[in-house]
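Throughout, read-outs are computed from the coordinates displayed, never taken from laboratory work. Computed from a predicted structure; not experimentally measured. FYI the Cβ positions are ideal-geometry reconstructions off the backbone, even for glycines, and counts take in every protein chain you see.
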Amino acid sequence: MAFLPYLASFLLPIGVITGNYLGGPETVIGIIVMFVFYPVFDIILGSRQGHTGIPAGSFIWGESILRVHVLMQMGVVGTLLWRAYQDGPSWTTFAAALSSGCVSGASGIIVAHELGHRRPQSLSWWMSQLNLLCVCYNHYTTEHNHNHHLYVGTDADPASAPAGRGLWSQIAISLPQQFISSWRIQAKKAKNKSSNPMLRFLLLQGGIIFAIGALLSWWASLAFLLQSLFAVLLLEYVNYIRHYGLRRGPDGKQTEQQSWQTDARWTAWTLFEVSLHPDHHLRASLPFWKLRAIENAPTLPVGYYGLFWVCVFPPLWRRWIDSRIPSISI
């Protein structure tokens, strides 16, 4: 019973797969659900009071939900390619790509984030790489696990936005820096340039894009790239809001003060407790069902979805959030 609320996370991928299959106006289902209904749900359902995790013995249920989401992600991408092949240069192709990107950025990359913290080369870890391959973003695991978690809240972490920097400026700065950082991390481990996993992933991603174009159509390739880009933008939005303005010195110890927390129910249920981010940073190896709210952590006013429309307008975002930044971070 404890895992029943997390089944709500399947609402978006089921809706998008249905919309991609039916075509026509239904291709906008994902966009409407993500940016209209989810913010409303986030606000209406409110927040829990100090979530303390789910009891022991939850591995099978929790891991099964995540793995089913990987299969759903394949269904989303597959139906998107089919819709693009059928419709070609039609508005429905682009609507389906954006709707699919909503799933890829939410349950797709968020699930990849969760599974990417499992033991390297395990089945769950490889499933995370499969999800990331669907959005051409496989370097994320390297950057997130080996740089972001070490240097969060410092200038060495591209994903930690300082106070005053808007969302769009942060994305423009963060995306290339994260790629360069992950390349350098893997280059240090590789015996030579050709053995760098980053290079292999780039070749694989390029091969997939070319194969889609050759076997289906170049409109399908474009749709695949568009949903990938939109998914990455949504990921960087989440990165932005969960670390914005929270800083520490280069030699300062990482605490719960470097991550924003929200116990909003809808965000927690559909994004697998990634909103309990302070505890995730302090105990990164724990699965989502063991994370708990930390009493003294900086707290966002509503969930991730409820913040979206304010966040995309930097002046509104700064007016709402800057006053909430703990004085220790200013």
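Taking 8 Å as the Cα distance limit and 6 or more residues as the minimum spacing, I'd like the relative contact order of segment 4-329 as a percentage.
26
Stokes-Einstein at 20 °C, 1.002 mPa s, Kirkwood radius from Cα pairs: D for segment 4-329 in µm² s⁻¹?
Answer, rounded: 107 µm²/s.
Charges on Cβ only, +1 for Lys and Arg, -1 for Asp and Glu, centred on the Cα centroid of the chain; of THR92, GLN121, SER104, which one is farthest towards the dipole's positive end?
GLN121
Near the amide H of THR299, under 5 Å away, which other amide H atoms are found, from residues 5 or more places off or on another chain, if H is placed in the peptide plane?
It is GLN261, by chain and number.
In which sequence would MET1, MET74, MET34 go, from the one with the fewest C-beta neighbours within 10 Å to the one with the most?
The most exposed by this proxy come first: MET1, MET74, MET34.
Can you give me the Cα centroid spacing of segment 95-122 and segment 8-23 in angstrom?
15
Could you calculate the FRET efficiency of ARG283 with SER327 from 1/(1 + (r/R0)^6), where r is the beta carbon distance between them and R0 is 35 Å, rounded to 0.05?
Values: r = 26 Å, r/R0 = 0.74.
The value I calculate is 0.85.
Residue-wise, which Karplus ³J(HN,Hα) couplings in Hz belong to segment 95-107, taking 6.51 cos²θ - 1.76 cosθ + 1.60, θ = phi - 60°, and x for glycine or proline?
Whole-Hz 3J(HN,Hα) from phi for segment 95-107: 5, 5, 5, 5, 4, 5, x, 4, 5, 4, x, 8, 5.
Please state the equivalent ellipsoid semi-axes for segment 272-330: what are the square roots of 5 times the Cα gyration tensor eigenvalues, largest first, in whole Å? Write down the numbers at each step before the final one.
On the way: eigenvalues 117, 45, 14 Å².
The equivalent ellipsoid of segment 272-330 has semi-axes of 24, 15, 8 Å.
Name the residue farthest towards the positive end of the dipole of the chain from the options GLY245, HIS144, ALA8, assuming +1 on Cβ of Lys and Arg, -1 on Cβ of Asp and Glu, about the Cα centre.
The one lying farthest along the dipole's positive direction is HIS144.
Could you identify which residue out of VAL76, VAL103, VAL312 has the top mean-square fluctuation in a GNM of the chain using Cα springs shorter than 10 Å?
Taking springs between Cα atoms under 10 Å, the residue moving most is VAL312.
Listing SER195, SER104 from the residue with the fewest other Cβ atoms within 10 Å to the one with the most, what is the order? Before the final figure, lay out the partial values.
On the way: SER195 12, SER104 33.
In order of increasing Cβ crowding within 10 Å: SER195, SER104.
So, with +1 on the Cβ of K and R and -1 on the Cβ of D and E, and no other charges, what is the size of the charge dipole of the chain about its Cα centre, to the nearest 20 debye? Before the final figure, lay out the partial values.
Values: 23 positive and 16 negative charges, 156 e Å.
Using only the charged Cβ atoms, the result is roughly 740 debye.
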